[in-house]
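The values are calculated or read from the model by the stated rules, or taken from the named source; none is laboratory data. Please read all numbers here as calculations on a predicted model, not as lab measurements. Don't worry about glycine lacking a Cβ; one is built from the backbone with ideal geometry, like all the others, and counts go over all protein chains shown. Accessible surface is based on the protein model in full, side chains and every heavy atom, while ligands, DNA and RNA are left aside. Shrake-Rupley method; radii C 1.70, N 1.55, O 1.52, S 1.80 Å.
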Amino acid sequence: MTTAQPDFSEAGPDSLFLEPPGNGGSQSGRKKGGWITFPFIMGSSAMLGLAVNGSFANLIVYLIQQFNVDRIAAAQILNVFNGSTNITPVVGAIISDSFLGAFMVILISSLISFMGLIPLTLTSILPSLRPLPCASTSNQCETPSALQYTVLYISLALVGVGIGGTRFTTVAFGANQFADEASRDVFVNWFFFSLYTANLLASTVVVYVQDNVGWAWGYGVCLVANIISVFTFIIGKWHYQDVRPQGSPFTGIARVLAAAIRKRRVALSPNFDDYFYQDDSEIAKKEPCLLTPKFKFLNKAALVEEGDTHSGGSIAKPWRLCTTQQVEDLKTLIKILPIWSSNIFLGLPIGVQGSLAILEALTMDRRLGSHFSIPASSFLVFSFLAGAVFIALLDRVVYPFLHKLLGLSPTLFQRIGAGHLITIMGMVAAALVEARRLSIAHSHGTMEQFNATVPMSALWLVAPFALVGAGEACQLPAQVSFYFEEFPAPLKGSSAAMMAVIIAIGFYLSAAVVKIVKISTSWLPNDINHGRMDNVFWMLAVLGAFNFCYFVICAKLYERKPSIKH
């Protein structure tokens, strides 16, 4: 984004618990913005997060119990929509920067999610929007009609677009309300803390209401939370600092590609003065960016030909001529791509585990005491809790200890690599737990009943979830810091969205992998007691090992090259 952004790499955990500085620390002469906007932005974001996460947290169970959807198909649907909610933030950021501005994007997206929650709630109230319940004496169930599927998918799509359009746009909008970096850092930490809190409440309280009180009540809570979110955000309008759209920085990247292709037949010049170095920045005029020899083809975009500039020296044809800085910015993105691609796999096991483990929990003993049973979808909470705990431990205990012992702290690549390894361990643990569950299912004669409950505590699932959460604690903050540090200056605001794209692709890949496994093997039947889900987790562990080797190679090859003249 082109709007001012907080520095994720310097925001420490201590700032999460600081008292907000009075009035943003620098509000003299400013009529709007500052900490007066905090409760409106934070309250709106938290309530929208509760609404949307509450609608998705228990979706697999809802599809199985109320729409008679095949269990594996339900997991696939969740992965696809989770992917969608993580790809739309990029679109929202571009629209915010280029056309509508952050306020309108957040408001419109919140209203879109509200429009999606209305029909989703109606599916839980009106029997005509759901197929008839399955007969208790048979596993043959009526499938949803085309109309019922249409209403369901449209509602889920609208909810997904709603949260996607606000997720990263809101943090940028909130950060822009503060003039000083310290206040922005505190806001960002509180923002992510509120998102974690909303996610935890959605995965526990809302899921419990849906499972034990009624689906209509559960989705009704989400609908009310969305309404509160919209009104809270609108009420704060009179206090917000206006940030107008400045144009997307991705346009410059597109111009470099277009100009290089247009000049593909032009020979590069060895003369320094034949390239366009200056832009409107005084720094750029005093210290022009020199072209590097890597990806030489792109250097043609900065080669000045007759008619490319005005008599005053400014660019006359922006889609035929770019600055050397724009060319080098694109080269930097290309250089980052291998590292970025090696981290895509991290989203794959998380997506597969998050959906398949719910199916495991449905067939396991989820009782705590004699009066309470943990909802199957709530086991995802253990991953969130482990991530939060490990982030605190790593930052306050492990990293300081290593620095004291060795005199240095782990590099960003080392932290990301550790996340890879711990995630692989999580898949191994998931395979071992599933193998034990299947063994108990066979030995206790539960194979004759469709998806019969296996006499094994579902708390065995906590260990795999905890390992995956610990892996996220290692690699997620490190990735955000890496992209923020390495991205070109005009694109630093969009660097955080790189994580959203990784997560989105991971969920799409998980849906594809589960589909391929289901078609080509017998590992994932509708009755998982007759399958070999443990083999799926073993497969992910092996693929993770190969991907870790790829990451190590990319990390070894990644280096910054000094600029040179032609």
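Of all the residues in the stretch 348-389, those that are within 19 Å of the chain's Cα centre (by Cα) and not polar (S, T, N, Q) number 14.
Taken over the stretch 342-384, the criterion of being free of Cβ contacts under 8 Å to residues at least 12 places away in the same chain and not aliphatic (A, V, I, L, M) is satisfied by 367, 369, 370, 371, 372, 373.
Per-residue answers, yes or no, for (1) out of contact with any Phe, Trp or Tyr (no Cβ under 6 Å at 6 or more places or on another chain); (2) under 29 Å from residue 250 (Cα atoms); (3) modelled with pLDDT of 85 or more:
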site	(1), (2), (3)
451	yes, no, no
455	yes, no, yes
473	no, no, no
525	yes, no, yes
548	yes, no, yes
562	yes, yes, no
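Within the stretch 280-291, one or more residues are farther than 30 Å from residue 517 by Cα, crowded, with 21+ Cβ neighbours inside 10 Å, at pLDDT below 85 and in contact with a Ser or Thr (Cβ under 7 Å, 6 or more places away or on another chain).
Closer than 30 Å to residue 148 by Cα and modelled with pLDDT under 85: is that true of residue 14 in this structure? Walk me through how you get there before you give the answer.
Numbers: closer than 30 Å to residue 148 by Cα: no; modelled with pLDDT under 85: yes.
No, not satisfied.
Open to solvent by less than 70 Å² (accessible area, probe 1.4 Å), closer than 23 Å to residue 541 by Cβ and touching a Pro at 6+ places or on another chain (Cβ under 7 Å): is that true of residue 427 in this structure? The answer is yes for residue 427.
Return the residue satisfying two criteria in turn: it lies in the stretch 354-378 and is part of a helix (DSSP H, G or I) and at pLDDT 85 or above, and of such residues it is most open to solvent (accessible area, probe 1.4 Å).
Pass one, the stretch 354-378, residues part of a helix (DSSP H, G or I): 354-362, 376-378.
This time we only want the ones that are at pLDDT 85 or above, so: 356-357, 359-362.
Numbers: 356: 0, 357: 4, 359: 0, 360: 5, 361: 0, 362: 35 Å².
Filtering first and then ranking leaves 362.
The selection criterion, being in contact with a Cys (Cβ under 7 Å, 6 or more places away or on another chain) and modelled with pLDDT of 80 or more, does not hold for residue 107.
From the list 93, 57, pick out the single residue that is at pLDDT below 75 and open to solvent by less than 20 Å² (accessible area, probe 1.4 Å). Give the derivation first.
Numbers: 57 fails: at pLDDT below 75.
Just one listed residue meets the conditions, 93.
Here residue 149 does not fit the description of being open to solvent by 70 Å² or more (accessible area, probe 1.4 Å), of a type in the set (Phe, Trp, Tyr), assigned to a helix (DSSP H, G or I) and out of contact with any helix residue (DSSP H, G or I) (no Cβ under 6 Å at 6 or more places or on another chain).
Is it the case that residue 118 is touching a residue at least 24 places away in the same chain (Cβ under 8 Å), surrounded by fewer than 22 Cβ atoms within 10 Å (Cβ to Cβ) and in a helix (DSSP H, G or I)?
Working: touching a residue at least 24 places away in the same chain (Cβ under 8 Å): yes; surrounded by fewer than 22 Cβ atoms within 10 Å (Cβ to Cβ): yes; in a helix (DSSP H, G or I): yes.
The answer is yes for residue 118.
Scanning the stretch 508-523 for residues that are at pLDDT 85 or above and of a type in the set (Phe, Trp, Tyr) returns a single hit, 523. Answer yes or no as to whether residue 477 is in contact with a Lys or Arg (Cβ under 9 Å, 6 or more places away or on another chain), at pLDDT below 80, open to solvent by 30 Å² or more (accessible area, probe 1.4 Å) and not aliphatic (A, V, I, L, M). In short, yes.
Just the residues that are of a type in the set (A, V, I, L, M), assigned to a helix (DSSP H, G or I) and exposed (fewer than 15 other Cβ atoms within 10 Å of the Cβ), please, taken from the stretch 403-420.
Start the filter on the stretch 403-420 by keeping residues that are of a type in the set (A, V, I, L, M), which leaves 405-406, 408, 412, 416, 418.
Restricting the remaining residues to those that are assigned to a helix (DSSP H, G or I) gives 405-406, 412, 416, 418.
If the condition is that a residue be of a type in the set (A, V, I, L, M), assigned to a helix (DSSP H, G or I) and exposed (fewer than 15 other Cβ atoms within 10 Å of the Cβ), then 405, 406 are the ones that fit.
Of the residues making up the stretch 292-304, those that are more than 12 Å from residue 262 (Cα to Cα) and open to solvent by 60 Å² or more (accessible area, probe 1.4 Å) are 293, 294, 295, 296.
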